[in-house]
Amino acid sequence: MTEVSLTVQLVTPEEAAKLLRVATVTIYSWIRRGRLPAYQLGRAKRLALSDLEAFVKSHRVGGRMTAFNADPAGKGAANASS
């Protein structure tokens, strides 16, 4: 018998909803509309964690990171030498 290695980490739509902090129906809606790829395994749907990560990255909003807003102490680059 041939060994099969599954390298894709799959989660349920319910688990994906918890990770993204959205309603489960939202996950199903995104799948149905083709916005979020999923696997159909029998009657069950599964999502790859890598697809969830790509989905989140593709929906990032806001400006670029600067030295000031990347500084967790809030001192900014100008005050870093003080």
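The values are calculated or read from the model by the stated rules, or taken from the named source; none is laboratory data. Bear in mind that the values here come from a model prediction, so they are computed numbers and not experimental data. Here the Cβ is made from the backbone with ideal geometry for all residues, glycine too, and neighbour counts use every protein chain on show.
Key figures for this structure:
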| quantity | calculated |
| --- | --- |
| Hits in region 11-38 - residues which are under 12 Å from the mean Cα position of the chain (by Cα) and loosely packed, with under 12 Cβ neighbours inside 10 Å | Arg21 |
| Candidate set: region 9-64, residues that are in contact with a helix residue (DSSP H, G or I) (Cβ under 7 Å, 6 or more places away or on another chain) and assigned to a loop (DSSP other than H, G, I, E, B); chosen: the one modelled with the lowest pLDDT | Gln9 |
| Matching residues, region 16-39, being over 12 Å from Phe55 (Cα atoms) and among the hydrophobic types (A, V, I, L, M, F, W, C) | Ala17, Leu19, Val22, Ala23, Val25 |
| First in region 11-27 and farther than 16 Å from Gln40 by Cα, second anywhere and surrounded by fewer than 16 Cβ atoms within 10 Å (Cβ to Cβ), Cβ under 8 Å, 6 or more apart | Ala17/Ala23; Ala17/Thr24; Ala17/Thr26; Leu20/Val56; Thr24/Glu14 |
| Subset of region 39-57 [of a type in the set (Phe, Trp, Tyr) and surrounded by 14 or more Cβ atoms within 10 Å (Cβ to Cβ)] | Phe55 |
